[in-house]
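The values are calculated or read from the model by the stated rules, or taken from the named source; none is laboratory data. Treat the numbers as computed from the prediction; the structure is a model and nothing was measured. Glycine also receives a Cβ, built like all others from the backbone with ideal geometry; neighbour counts cover every protein chain displayed. The protein model used for the area step is the full one, side chains on, heavy atoms only, and it has no ligands, DNA or RNA in it. Shrake-Rupley method; radii C 1.70, N 1.55, O 1.52, S 1.80 Å.
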Amino acid sequence: MIMNLKRSLAYLRLHVTSFMRSKSGIFFVVLLPVIFMIIFGSIFGGTSTQKTTLAVQDMDQSTVSGNVLSAINSTGLFTVQMVSPAQNLTNYMVYNSVDQGIIIPSNFTQGLASGKSYISYYSNPSDPYSQSLSLVIQNILFKIGSNGTGTIYLSNIPVAQNIPKSVDYYLPGLIGFTMLNGIFSMIYIVPNYTEKKIFRQLSFTGLTKLEWLFAVVIFYLGITLLSDAVLIIVGSVFFGINFAVSGLGVSLIVLSIFIGLITFVSIGLLAGLLTRKEETASLIGNVIFFPMMFLSGVFFPISIMPGYLQTISSVLPLTYFIKILDDIMLFNNLTLALPLIIYMGIFALVIFAFAVYAAANKNES
Amino acid sequence: MEKVIEIGNLVKEYRGLRAVDGIDLYVKEGEIYSLLGPNGAGKTTTVEILEGIRRKTSGEISVLGLDPIKNKKDLSRRIGILPQDFNFMANITPIEALKFYKRCLGSKTDVIQLLKEVDLYDKRDTPFENMSGGQKQKLGLAMAMSSEPQILFLDEPTAGLDPFSRRNVWSVIQRMKETGRTVFLTTHYLDEAEKLSDRVAFIKDGKIVSEGSPDEIVRLNHRGDRVILRSESDIMSILEILGYDVSSENGTVQVVIKDSTEFFEIVDLLKEKKIELTDVTMKRESLEDVFMRLVGKVDDNEP
């Protein structure tokens, strides 16, 4: 099937015009994800004056180290979590999403007696509070050292390039959620266009189903990228979301969104072809939309779900797109994301071809 | 004039049912040709086969010398289509719709001029959903004309419109003819076919039962004019005894006559018998009379 890009772009222009006049469309595509971001950001964003969790591993277990801990506690700025000397502190911090930690070494009292001792401060450099907290701890140690005979040095150690905060976990999920706009809109557009014979009218211009679908995917790519940019800006400015992704990472995110939109627009088209009635379309839409929204890791981590829900989750394509976004955005692990992008790309092409074939055949009958 | 549409023994079956049953017809360049018949007669199926929307079961068809299915792409720029129940995207305005058509078809049509031609210039920025039925049909006509096509297929262009809007659409169609375009029209309105068409075909149960200019159809199927008489006396029995073809309708007696001489014979005869007539009229056989006799019904929704 040969594609005429000029016709496709002409339709894209018409579709954008139509969309811009639809208040509900703009609400669902652009504002709803931002509203979710505001809700989750407010709950998990940490913009309030709550205490910072500080993981403490006291290897010295002495009176002096006890004094250090009491001084830290007395600032009222920290919630101290004691970590057993047998555990690896950095692993503990990553696993428990704790951004700050200190190790008081086993020779701490001994070192101080000879005039000089060290405490290691582990922090997440991407956390905007790290530097000020480090200064607070340094100040405490200076006072304790001055009271005694020696000096306590704080050695700053970055734990990892990025330890995500709770609110950071919602960003990939919400970006995944914006991809679902394609599926949701198609379920309403396709029966409506079929029932009102608008597809037939469009076909008189020579516009093929492939050209129409291509225009729709490009439209949703534009609108989703816009929506995601707004999400990232709102998240960063108001809730301190950490979007520290390399240029290559951003390219892979855009590619993943494009592949995701091909997949979800095609699924929406196939679902929309099942009926011409808006009521039935709404039912089909809900049956597809809600499991994807709740079981793919948009709002809740899949790991906390019971086994049978995890099985359902594993067959939902959105799960894999959110996994790709998690790998890139939370862990900067492009090596892990790349093979999954390729698999999902192949899946998207297959389902796209099938949707175009089904739509063209439906038109013939 | 060159034949731009030719159909030979066209058949279309749907699960064994024949919607079109061996139609033969042709349309010459510059003609307005109407396919007239009730709903379900096969009009839309025939026109959709000509437009390349449906496949034929058998038979020969040619539009501008091309096969509508095999040459759909080539024909899309040379034919214009106004389908039955024309519809478009709800919040798109006429000017946006026509510009979209122009871009897709690569035509050089002046969109503003086209809007003026169909009397829609004042409504150019009105969303489709806020337009009246007549305005929507006129937009459909403009969209069909936007590629400057050689043939226009108009499938029931005035169905469901009020009398004023119908006449409005008719004037647009007549202007199309004046620009030399060929128009293939389907309708179930007799007055529409009679007013607009150069030639008409009556279609019933997928078959053409009569074809020609409206005058030709009346002449070819002429069974005689009628004298319509109204009287207090039982003139029906008298005329029946005398061997006339008589029927009664709405309190009148209608007598089929061969010519005007026979009209005067009947009037004189009744005068001789001292029968008083309260009303005497002569009615020439019309296209509607022929249609009713050949096709047998018109649709309930006829205005």
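Overview of results
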| read-out | value |
| --- | --- |
| Chain B, relative contact order in percent, only Cα pairs under 8 angstrom and at least six apart counted | 20 |
| Radius ratio Rg over Rh of chain B, counting only Cα atoms, Kirkwood formula for Rh | 1.09 |
| Globularity ratio of chain A, using Cα Rg and 2.2 N^0.38 Å | 1.29 |
| Accessible surface of B:ASP125 - all protein chains present, 1.4 Å probe, nearest 10 Å² | 100 |
| 1.4 Å probe, heavy atoms, protein only - residues of region B:87-118 losing at least 20 Å² accessible area vs chain alone | B:ASN87, B:PHE88, B:MET89, B:ASN91, B:ILE92, B:GLU96, B:PHE100, B:TYR101, B:ARG103, B:CYS104, B:LEU105 |
| Mean separation of Cα contacts under 8 Å, 6 or more apart, over the residue count of chain A: relative contact order % | 19 |
| 5 angstrom amide H check on B:LYS28, placed H, neighbours 5+ away | B:VAL4 |
| Accessible heavy-atom area order of B:MET236, B:MET89, highest first, probe of 1.4 Å | B:MET236, B:MET89 |
| Residues listed by number, region B:127-147, amide nitrogen under 20 Å from B:LYS195 label point at 7 Å toward C-beta | B:132-142 |
| Å² of accessible area per residue within the protein assembly as shown, as computed with a 1.4 Å probe and no ligands counted | 46 |
| Solvent-accessible surface ranking, highest first, for A:TYR169, A:TYR343 at 1.4 angstrom | A:TYR343, A:TYR169 |
| Rg(Cα)/(2.2 N^0.38 Å) for region B:224-284, N = residue count | 0.98 |
| Theoretical ellipticity at 222 nm over chain A - DSSP helices of four or more residues, -39500 (n - 2.57) apiece, nearest 500 | -21500 deg cm²/dmol |
| Rounded FRET efficiency, nearest 0.05, which uses the C-beta distance separating A:ASN91 from A:ILE346 and R0 of 51 Å | 0.90 |
| Percent of Cα pairs exceeding the 14 Å cut-off, where the set is region A:257-300 | 57 |
| FRET efficiency for B:GLU6 and B:ASN250, using Cβ-Cβ distance with R0 set to 41 Å, rounded to 0.05 | 0.40 |
| Kirkwood-Stokes translational diffusion coefficient of region A:199-277, alpha-carbon pairs, 4 °C, 1.567 mPa s, µm²/s | 87 |
| Inter-probe distance in nm under a simple model that places probes 7 Å from Cα toward Cβ, at B:ILE112 and A:GLN138 | 7.1 |
| Geometric extent, Cα atoms of the protein assembly as shown - Rg, Dmax (angstrom) | 39.9, 154 |
| Those residues of region A:183-200 for which accessible area with every protein chain present is at least 30 Å² below the isolated value (1.4 Å probe) | A:LYS196, A:ILE198, A:ARG200 |
| Carbon plus sulfur fraction of accessible area for region B:149-303, probe 1.4 Å, in percent | 47 |
| Above-threshold pairs, the threshold being 19 Å between Cα atoms, out of A:LYS362/B:LYS56; A:LYS197/B:LYS138; A:LYS277/A:LYS362; B:LYS3/B:LYS73; A:LYS23/A:LYS362; A:LYS197/B:LYS12 | B:LYS3/B:LYS73; A:LYS23/A:LYS362; A:LYS197/B:LYS12 |
| Of the DSSP H helices in chain A, those whose Cα atoms cover at least 27 Å axially and whose Kyte score averages 1.0 or more | A:209-239, A:247-272, A:334-364 |
| Within chain B, helix-based [θ] at 222 nm, where runs of 4 or more DSSP H residues each add -39,500 (n - 2.57), nearest 500 | -10000 deg cm²/dmol |
| Pairs beyond 23 Å (Cα-Cα), from A:LYS209/B:LYS70; B:LYS204/B:LYS283; A:LYS196/B:LYS108 | B:LYS204/B:LYS283; A:LYS196/B:LYS108 |
| Percent of alpha-carbon pairs separated by more than 21 Å within region B:173-303 | 52 |
| Rule-of-thumb Rg ratio for region A:219-365 [Cα; 2.2 N^0.38 Å; N residues] | 1.15 |
| Accessible-area order (highest first, 1.4 angstrom probe) of the listed residues A:ASP58, B:ASP279, B:ASP85 | B:ASP85, B:ASP279, A:ASP58 |
| Probe 1.4 Å - accessible area at A:VAL237, Å² to nearest ten | 100 |
| Candidates B:SER171, B:SER197, B:SER233, ranked by Gaussian network fluctuation over chain B, Cα under 10 Å, top entry | B:SER233 |
| Residues losing 30 Å² or more accessible surface upon assembly, region A:7-32, compared with the chain by itself, 1.4 Å | A:ARG7, A:ALA10, A:ARG13, A:LEU14, A:SER18, A:ARG21 |
| Fluctuation leader among B:SER248, B:SER146, B:SER132 - chain B, Gaussian network, Cα springs under 10 angstrom | B:SER248 |
| Acute angle (nearest 10 degrees) that the helix B:133-145 long axis makes with the longest principal axis of chain B, alpha-carbon atoms | 60 |
| Probe 1.4 Å - accessible area at A:LEU309, Å² to nearest ten | 40 |
| Heavy-atom accessible surface that A and B bury in contact, both chains counted, 1.4 Å, Å² to 100 | 2300 |
| Share of carbon and sulfur in the accessible heavy-atom surface of chain A [1.4 Å probe, %] | 65 |
